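Reading through the structure tokens given below for one structure.
The values are calculated or read from the model by the stated rules, or taken from the named source; none is laboratory data. None of these values were measured; they are calculated from a predicted model. We place every Cβ from the backbone using ideal geometry, glycine too, and count neighbours over all the protein chains shown.
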Amino acid sequence: MTVGKLLQAVRTRPDETGISLSDYLYIITDSLSCSNTELLLISEQDISTQQMQEINERMERLEKHEPPQYITGKAWFMGHCIEVNPSVLIPRPETELLVDTAIKRLKGQEEVLEIGTGSGAIAISLKLALPGLKVTATDISTEALQVAQANATRLGAVIKFLQTDLFPDPGTSFDVMISNPPYISEHNHRQLPESIRAHEPEIALKAGADGLDVYRRMLSTASRYLKPSGWIALEHGDEQAEALSTIAAQNGFAHVLKYLDLNQQPRIMIIWR
């Protein structure tokens with residue numbers, strides 16, 4: 001089969017399965033080691049038997065609602081290839097806004113703490129963009145930290161990873177904290193697509209009845225670890241900005257900047273005392 005004939009066949013699949021064409025193309029381009037644009041340039045090229053077998057096996061997994069990033073073991077974030085598996089959340093485009101917002105505020109020499117690093121995508125992207133930063137990243141999951149350390153090593157980002165629930169040992173302080181914590185409510189978690197609900201780690205998604213439990217815990221303690229002139233960058237749900245601002249104010253963070261995502265929904269918050 002040629003690449004062109006495969007693409008012609010695949011274009012009909014979304015109508016039958018409800019899975020987006022982009023997810024099918026994610027698998028095909030990875031299996032053929034090419035980009036979406038290159039697919040069009042090699043439309044007359046024959047697909048080897050081995051490649052076709054891999055594509056068919058991966059499409060079967062995809063149609064059982066397994067995320068394509070877990071199938072390929074790769075996700076792209078801030079231009080970097082981040083290795084992922086079901087022990088870590090798949091990094092998403094919305095979180096690139098969190099990193100980009102932080103980069104624009106950073107001077108490049110600060111001590112930065114990322115809370116809940118998962119795959120390490122945020123910490124790694126910050127360090128690679130601003131090599132002068134001193135970055136520490138925490139996670140409660142041993143498996144997640146193994147993924148994060150492997151990604152940092154492969155991409156050449158020197159980061160201190162610590163296994164802990166939110167914060168390092170008392171006595172350490174940081175200029176900046178950044179986090180994309182779990183913020184999905186119990187109700188909203190039940191409404192998530194099966195590809196997320198059944199495959200991505202609950203511990204990285206759910207945060208109590210209203211999705212705000214981790215923010216409450218984090219901000220009630222953050223001042224002990226934040227330098228007087230420091231600030232915190234947070235990603236949050238599109239309906240949580242007002243409630244999160246209230247939690248921040250209750251914990252002494254009176255100053256708030258809010259940023260919209262590409263869908264013009266509140267998504268990022270910068271807070272400071």
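Things worth noting here:
- On the stretch given as the stretch 85-104, residues that are at pLDDT 95 or above and touching a strand residue (DSSP E or B) at 6+ places or on another chain (Cβ under 7 Å) total 8.
- Thr172 vs. criteria hydroxyl-bearing (Ser, Thr, Tyr) and assigned to a strand (DSSP E or B): no
- Members of the stretch 231-255 that are of a type in the set (Val, Ile, Thr) and surrounded by 15 or more Cβ atoms within 10 Å (Cβ to Cβ): Ile232, Ile247
- Residue in the stretch 136-148 that is outside any loop (DSSP other than H, G, I, E, B), under 27 Å from Ser35 (Cβ atoms) and modelled with pLDDT of 95 or more present: yes
- Exclusive hit being of a type outside the set (Phe, Trp, Tyr) and in a strand (DSSP E or B), set Ile203, Ile178: Ile178
- Taking the stretch 36-65 as the range and being surrounded by 18 or more Cβ atoms within 10 Å (Cβ to Cβ) and not β-branched (Val, Ile, Thr) as the test, the residues that pass are Leu39, Arg58, Met59, Leu62.
- For Pro93, the conditions (1) under 22 Å from Arg197 (Cα atoms); (2) surrounded by 12 or more Cβ atoms within 10 Å (Cβ to Cβ) are fulfilled apart from (2).
- Top-ranked residue in the stretch 107-127 [being closer than 15 Å to Val147 by Cβ and assigned to a loop (DSSP other than H, G, I, E, B); ranked as farthest from the chain's Cα centre (by Cα)]: Gly116
- Considering the conditions (1) at positive phi; (2) touching a residue at least 40 places away in the same chain (Cβ under 8 Å), Ala144 is excluded by exactly one of them, (1).
- Residue identified as crowded, with 16+ Cβ neighbours inside 10 Å, assigned by TED's automatic domain parsing to the domain that holds Ala243 and more than 22 Å from Ala222 (Cβ to Cβ) among Ile159, Ile184, Ile82: Ile82
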